[in-house]
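There's a structure below that I have some questions on.
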Amino acid sequence: MSAKPRIAVIMDENTSVDGTRYDMTKNYFVAVHRAGGMPFGIPYFMDMVETVVDEFDGFMNVGGRFAFPDAWYVGGQVSKAPRSERLDVELALMRGFLERDKPVLGICNGMQVLAALHGCRLSPDVRATGAQVLEHDKRGYEHPVAIKEGTLLSRITGGGMLSVNTFHRESVIELSDRVVACAHADDGVIEAIEVPSRRFALGVQWHQELFARRDHPGNGIFDAFVRAAERA
């Protein structure tokens, strides 16, 4: 039997069309595999959750575009994205892995879920949060993020600055005292969070998986995630 940690990767879907297909980049799986893990795609069946939480060593919650609960947003705002059956399954998975203190990595949508489960609040439109806010829903564009010293993310990447991609419409804008913002864009937008009470619970707003096939300092996030799963 392989000693490599088994990583549960929730599947994404084609919500921009009709939601009838699982649809996601292979790079999530490439990133975990290159870091030494064994990635497995998890479909949206609630009766699988308990088995996945019990038998897998870590959970990756990936990007996606669908509506979160209205209570997660500030000021009575609501999401304009479509609803998805994915939400209930990913919430159950993330809660299960967190309760067992197994490693959790959230990417884009996954970061927002991690934040909201720990009392943070979101905006459905990051551009509307301030005149200084840049266009963050811009495929093919990169911008710098500053990493906060003394954080898990700083220890993983060596700190300083990272150049990251950006295509997200929603964002975390209110933090709770259970969460640390560990990276910011120049315009003040929160780009990464971590939960200090957990052994490894990290979320990044950018899509690090799209750097998985090339040399990028942020790929250390996948290495650290898989190493944490080895000790789960």
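Residue check: is residue 117 modelled with pLDDT of 95 or more, surrounded by fewer than 22 Cβ atoms within 10 Å (Cβ to Cβ), under 23 Å from residue 5 (Cβ atoms) and within 16 Å of the chain's Cα centre (by Cα)?
Against the criterion (modelled with pLDDT of 95 or more, surrounded by fewer than 22 Cβ atoms within 10 Å (Cβ to Cβ), under 23 Å from residue 5 (Cβ atoms) and within 16 Å of the chain's Cα centre (by Cα)), residue 117 qualifies.
Filter region 11-32 for residues that are closer than 26 Å to residue 217 by Cβ and among the aliphatic types (A, V, I, L, M); which is surrounded by the most Cβ atoms within 10 Å (Cβ to Cβ)?
So the residue we want is 31.
Here is a further query. Considering 40, 59, which residue is buried (at least 20 other Cβ atoms within 10 Å of the Cβ) and outside any helix (DSSP H, G or I)?
Just a single option satisfies the conditions, and that option is 59.
Kindly indicate the residue of region 85-106 that is surrounded by fewer than 20 Cβ atoms within 10 Å (Cβ to Cβ) and small (Gly, Ala, Ser) and also farthest from residue 230 (Cα to Cα) among those meeting that condition.
The initial filter retains those residues of region 85-106 that are surrounded by fewer than 20 Cβ atoms within 10 Å (Cβ to Cβ), namely 85, 87-88, 91-92, 95-96, 99-101.
Those still in the list that are small (Gly, Ala, Ser) too: 92, 96.
Numbers: 92: 22, 96: 18 Å.
Result: 92.
In addition: Taking residue 8 as the residue in question, decide whether it is of a type in the set (Gly, Ala, Ser), in contact with a strand residue (DSSP E or B) (Cβ under 7 Å, 6 or more places away or on another chain) and within 14 Å of residue 225 (Cβ to Cβ).
So residue 8 fits the description; yes.
Here's another thing I want to ask about it. Over 24 Å from residue 215 (Cβ atoms) and either free of Cβ contacts under 8 Å to residues at least 60 places away in the same chain or over 16 Å from the mean Cα position of the chain (by Cα) (or both), is that true of residue 180?
Yes: the conditions hold for residue 180.
Quick check on my filter: what residues within region 120-163 are in a loop (DSSP other than H, G, I, E, B), at pLDDT 90 or above and either surrounded by 20 or more Cβ atoms within 10 Å (Cβ to Cβ) or of a type in the set (A, V, I, L, M, F, W, C) (or both)?
120, 151
Being in a strand (DSSP E or B), of a type in the set (Gly, Ala, Ser), closer than 20 Å to residue 53 by Cα and modelled with pLDDT of 90 or more: is that true of residue 106 here?
yes
Oh, and also: Do you know which residues across region 201-220 are more than 19 Å from residue 63 (Cα to Cα) and in a loop (DSSP other than H, G, I, E, B)?
Answer for region 201-220, where residues must be more than 19 Å from residue 63 (Cα to Cα) and in a loop (DSSP other than H, G, I, E, B): 214, 215, 216.
If you don't mind, another one. Does region 78-85 contain any residue that is closer than 23 Å to residue 201 by Cβ, touching a residue at least 40 places away in the same chain (Cβ under 8 Å), hydroxyl-bearing (Ser, Thr, Tyr) and in a strand (DSSP E or B)?
As a first pass, look at region 78-85 and keep what is closer than 23 Å to residue 201 by Cβ: 84.
Still in the running and touching a residue at least 40 places away in the same chain (Cβ under 8 Å): 84.
Those still in the list that are hydroxyl-bearing (Ser, Thr, Tyr) too: 84.
If we keep only those that are in a strand (DSSP E or B) too, we end up with none.
No, because not a single residue in region 78-85 is closer than 23 Å to residue 201 by Cβ, touching a residue at least 40 places away in the same chain (Cβ under 8 Å), hydroxyl-bearing (Ser, Thr, Tyr) and in a strand (DSSP E or B).
Right, another one. From the list 212, 185, which residue is surrounded by fewer than 23 Cβ atoms within 10 Å (Cβ to Cβ) and at pLDDT 95 or above?
Checking each option against the conditions leaves just 212.
The values are calculated or read from the model by the stated rules, or taken from the named source; none is laboratory data. Values in this document were obtained by computation on a predicted structure and should not be read as measured data. FYI the Cβ positions are ideal-geometry reconstructions off the backbone, even for glycines, and counts take in every protein chain you see.
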